[in-house]
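The values are calculated or read from the model by the stated rules, or taken from the named source; none is laboratory data. For clarity, every value in this text was computed on a predicted model and none was experimentally measured. FYI the Cβ positions are ideal-geometry reconstructions off the backbone, even for glycines, and counts take in every protein chain you see. All accessible areas refer to the heavy atoms of the entire protein, side chains included, with ligands and DNA or RNA removed. Shrake-Rupley method; radii C 1.70, N 1.55, O 1.52, S 1.80 Å.
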Amino acid sequence: MAGANPFQSLLKEINVDGETFHYFDIASFPEYRELPYSVRVLLESAVRNCDNFQVLEKDVRGILRWKQMKGTPSSEDELEIPFKPARVILQDFTGVPAVVDFAAMRDAVLKLGGDPDRINPICPSDLVIDHSVQVDFARSEDALAKNQDLEFERNRERFTFLKWGAKAFNNMLIIPPGSGIVHQVNLEYLARVVFQDAKDGAVRMLYPDSVVGTDSHTTMINGLGVVGWGVGGIEAEAVMLGQAISMLLPEVIGYKLVGKLSPLVTSTDLVLTITKHLRQIGVVGKFVEFFGPGVSELSIADRATISNMCPEYGATVGYFPVDKNALDYLRQTNRAEEKVRVIEAYLKATDQLRDFGKAEQDPVFTQIVELDLASVVTSVSGPKRPHDRVSVSEMQEDFRQCLISKVGFKGFAVPEAELGAEGTFSWTDGKTYALRHGSVVIAAITSCTNTSNPSVMLGAGLLAKKAVEAGLKVAPYIKTSLSPGSGVVTYYLKESGVIPALEELGFNVVGYGCMTCIGNSGPLDDNVANTIEKNNLVCCGVLSGNRNFEGRIHPNTRANYLASPLLVIAYALAGTVDIDFEKQPIGTRPDGSAVFLRDIWPTRLEIQAVEKQHVIPAMFRDVYEKVELGSPAWQGLNAPTGKLYPWDGTSTYIKRPPFFEGMTRELPKLGNIVNARALLNLGDSVTTDHISPAGSIARNSPAARFLSDRGLTPRDFNSYGSRRGNDDIMARGTFANIRLVNKLVPRPGPRTLHIPSGEEMDVFDCAQRYAGEGTPLIALVGKDYGSGSSRDWAAKGPYLLGIRAVIAESYERIHRSNLVGMGIVPLQYLAGENAESLGLTGQEQFSIAIPANCKPHERITVNTDGGKQFEVIARFDTEVDLEYFRNGGILNYMIRKMID
């Protein structure tokens, strides 16, 4: 049981403006100054929460030994440590399942004879309803109002449920819909940097803000000096209930920035350069901490852009320690001056305030890599992954090469005879337009990656203004949209006078929330879609979001490029990515003279001058002082009351999940997996977009059939994201991506093979048939399984399909954790082995013997009905992983803990 804190002697007092605060003086440890700043936050959490039960004294001592264990690339010692984040942030999409699970857990606790009131957040949770707005209406002055009205109509039940949750559960703050993207609201409003809690009697306790969130881009907050990363929704729920995260003491890569950026490049170009660089180095599962004099050249928004892309370069965090610029940002965003003074005093007292110009403050790192900012050039990434950077000067050549290269991340295998394919169509303006390979049909300024950054947003506005002044236009069939990360962005775009030019080019504000980057780009005009399909064209989406994975943006955009907001507009004006901006004009003036991109491109100095004038604290005050009230529509919602949710058995949005049905107080007996079939045989880089339901619900899908059977028409199907609270829908949408390549069937798509009968069918239908036959299921996959957004349904969905084990070459960190959290066994081939090398076709039967006393990373034998036998590694990385697995999952573990 919990005991007294053995580090109580480190508790000190500090006085700021006449008020006394307590804090743990972690800087008094002799080893402290060699620790990376990110590790200092882990240390403080361990010291403050040390109770010799969840957090042991030896855990603290282990973190202090970081230099010996992780201070060189050759260090191989592994140490499991606990970490209790200061808070949890939930995105609407994963917030709904979290509240659904909490509500269901209350039911289960009551059924097992416990007190349902114990299912309440202990760790503070911020839930931002950044509902995914589908861009149904784009080019119109009232697009924002129309889209938001439509979304409120579609999602009323979901919003009502969350409003119930805000009342039913303690310690939960909800930011209503229409307020902005979760990560930007976190940066501009929610982040504390230093908590100032009254948890120690009458004296307030100071400690670093830290956070885990249910979206992988939670790392964006690292740019403000807050240690945070994405976890699965399942793990986040456990943290909210007071459970520590179990993690391995991380290596920390020191990323040194020197020099200055060219006046013509943007923070987007910088982050694409860093992303590709770090992918080449290999930082999966590691911390990256930025240092060096070049950091001081970057605004907090620039740093946040780099931190946001952390999942794309694979690290756990991309951390910028707090410095004077960060404190100035807190003032700029209207944080109270008295709180900023307390933050500064605490950080100084504990040696956590960084001066990037002082090399003597540099800590020890596992490895140091360096980037000269002057080497950064204008870039995009694509056409199928966010870390495949291409310099704009080479873009035309690269795209043309992609057309003829074999199918892959950089190839479409277009036959030579079809390279000149062209289709024409008539538009409502009476003109005829042509589409070719490379034609842009979607251009979206979207996602927190860039919309948090005034420099690129104002840069896009200035470029639009110059383009309009030159008489340039965007073709009317291109679906253009602007989805700001928060109301503050719209505020400063209006004040700086660039909104009219953006709107004239078709970049109207269409809503606040995740849109094109999450697949909610909405339908293309039928004429456009039909022309693409009829001529088998590789048409393009260009977006400023960091999620340009294959099949995500729109079924008709086979190539999708991540670009700065400025380049989104530039490629929209050009109408194609098959262009060399240096040699070819972007358009012509009314007099017929050529306009080149360089003629309308604003410099960083131009942008910074406008930013300094128009991005001011009053904007943040005006936007956020009423943010928690929400819109009149939100205020008018009548939510149920009571501790238990009144489930509606006919609802297609909110349904009590089946995860706790049949649960007992006693631990279930672990059983071997005998004569399992492979539901799927997949290759490398299968992302959560391939696994988890996302985007629109296809009309010919199992989910669509389910909804149709209940009387819904396609216009009411909504998106998978909106229906994340209903497991019937989500199970049917698992592995429903149209680009899924399953080696058991000949063509890409959400299909698989029922082995005994040889019948090809939808994945869900096949899983149902296997379930009826009593056949357990596994999945065979390649490298980097589960990369991409951290989605709990990428684990919940396979579990509901009957998958009980996955055999992969390697896993993305969060997804592996989520599989364990759902009771699915993550197994890994031995180094150098995979399904192909072992001669596995996926049509075998598999038997896997799991020892009752299984240990972390234990080798387990797999046998097939054909006589093959091979060993795999059980990717239970910690003893806590095994404890969750023995309980049937992390939530089952928490329920049993609550009723003990």
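A few points about this structure:
- Total residues in the stretch 584-601 satisfying the condition of being in contact with a Phe, Trp or Tyr (Cβ under 9 Å, 6 or more places away or on another chain) and open to solvent by 80 Å² or more (accessible area, probe 1.4 Å): the figure is 1.
- Residues located in the stretch 848-874, provided they are within 14 Å of ARG886 (Cβ to Cβ) and not in a loop (DSSP other than H, G, I, E, B): ALA874
- Some residue of the stretch 73-86 being among the hydroxyl-bearing types (Ser, Thr, Tyr), more than 20 Å from VAL212 (Cβ to Cβ) and either modelled with pLDDT of 95 or more or part of a loop (DSSP other than H, G, I, E, B) (or both): yes
- Qualifying residue in the stretch 854-874 (condition: within 35 Å of the chain's Cα centre (by Cα), within 26 Å of GLN54 (Cβ to Cβ) and buried (at least 20 other Cβ atoms within 10 Å of the Cβ)): yes
- Count of the stretch 312-336 residues which are open to solvent by 20 Å² or more (accessible area, probe 1.4 Å) and touching a helix residue (DSSP H, G or I) at 6+ places or on another chain (Cβ under 7 Å): 5
- Residue satisfying condition, being part of a strand (DSSP E or B) and not aliphatic (A, V, I, L, M), within set ARG665, ARG656, ARG621, ARG677: ARG677
Rundown of residues vs (1) in a strand (DSSP E or B); (2) out of contact with any helix residue (DSSP H, G or I) (no Cβ under 6 Å at 6 or more places or on another chain); (3) open to solvent by less than 20 Å² (accessible area, probe 1.4 Å), yes/no style:
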{"position": "VAL474", "(1), (2), (3)": "no, no, yes"}
{"position": "TYR477", "(1), (2), (3)": "no, no, no"}
{"position": "GLY506", "(1), (2), (3)": "no, yes, yes"}
{"position": "TYR512", "(1), (2), (3)": "no, yes, no"}
{"position": "PRO523", "(1), (2), (3)": "no, yes, no"}
{"position": "LEU566", "(1), (2), (3)": "no, no, yes"}
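- Pick from the stretch 110-124, criterion part of a helix (DSSP H, G or I) and in contact with a Lys or Arg (Cβ under 7 Å, 6 or more places away or on another chain), ranking: nearest to ILE895 (Cα to Cα): PRO116
- Positions within the stretch 883-892 being more than 26 Å from the chain's Cα centre (by Cα) and assigned to a helix (DSSP H, G or I), in sequence order: GLU883, ARG886
- Single residue of the stretch 163-194 satisfying the filter (of a type outside the set (Gly, Ala, Ser), open to solvent by less than 10 Å² (accessible area, probe 1.4 Å) and in a strand (DSSP E or B)) that is modelled with the lowest pLDDT: ILE175
- Residue list for the stretch 507-552, filter: more than 20 Å from the chain's Cα centre (by Cα) and of a type in the set (A, V, I, L, M, F, W, C): PHE507, VAL509, VAL510, LEU524, VAL528, ALA529, ILE532, LEU537, VAL538, CYS539, CYS540
- With respect to the conditions (1) in a helix (DSSP H, G or I); (2) open to solvent by 10 Å² or more (accessible area, probe 1.4 Å); (3) of a type in the set (S, T, N, Q), THR305 lacks only one, and its number is (2).
- Counting only strands (runs of 3 or more DSSP E) that fall entirely inside the stretch 352-433 and contain at least 2 residues that are surrounded by 20 or more Cβ atoms within 10 Å (Cβ to Cβ), the qualifying elements are 379-381, 389-391.
- Residues of the stretch 49-83 satisfying the condition of being open to solvent by less than 50 Å² (accessible area, probe 1.4 Å) and of a type in the set (Lys, Arg): LYS70
- Among strands (runs of 3 or more DSSP E) entirely within the stretch 696-789, having at least 3 residues that are touching a residue at least 12 places away in the same chain (Cβ under 8 Å) and not assigned by the TED database to the domain that holds THR557 singles out 751-754, 777-780.
- Residues satisfying the stated conditions in the stretch 35-83, i.e. without any contact (Cβ under 8 Å) to a residue 40 or more places away in the chain and among the hydroxyl-bearing types (Ser, Thr, Tyr): SER74
- Any hit, the stretch 215-237, residues being open to solvent by less than 10 Å² (accessible area, probe 1.4 Å), more than 30 Å from GLN352 (Cβ to Cβ) and among the hydrophobic types (A, V, I, L, M, F, W, C): yes
For every residue, the table says whether it meets (1) out of contact with any Lys or Arg (no Cβ under 8 Å at 6 or more places or on another chain); (2) surrounded by fewer than 24 Cβ atoms within 10 Å (Cβ to Cβ); (3) free of Cβ contacts under 8 Å to residues at least 40 places away in the same chain; (4) under 19 Å from TRP229 (Cβ atoms).
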{"site": "ARG791", "(1), (2), (3), (4)": "yes, no, no, yes"}
{"site": "ALA794", "(1), (2), (3), (4)": "yes, no, no, yes"}
{"site": "GLU809", "(1), (2), (3), (4)": "no, yes, no, no"}
{"site": "ARG816", "(1), (2), (3), (4)": "no, no, no, yes"}
{"site": "MET822", "(1), (2), (3), (4)": "no, no, no, no"}
{"site": "VAL825", "(1), (2), (3), (4)": "no, yes, no, no"}
{"site": "GLN828", "(1), (2), (3), (4)": "no, yes, no, no"}
{"site": "ALA831", "(1), (2), (3), (4)": "yes, yes, yes, no"}
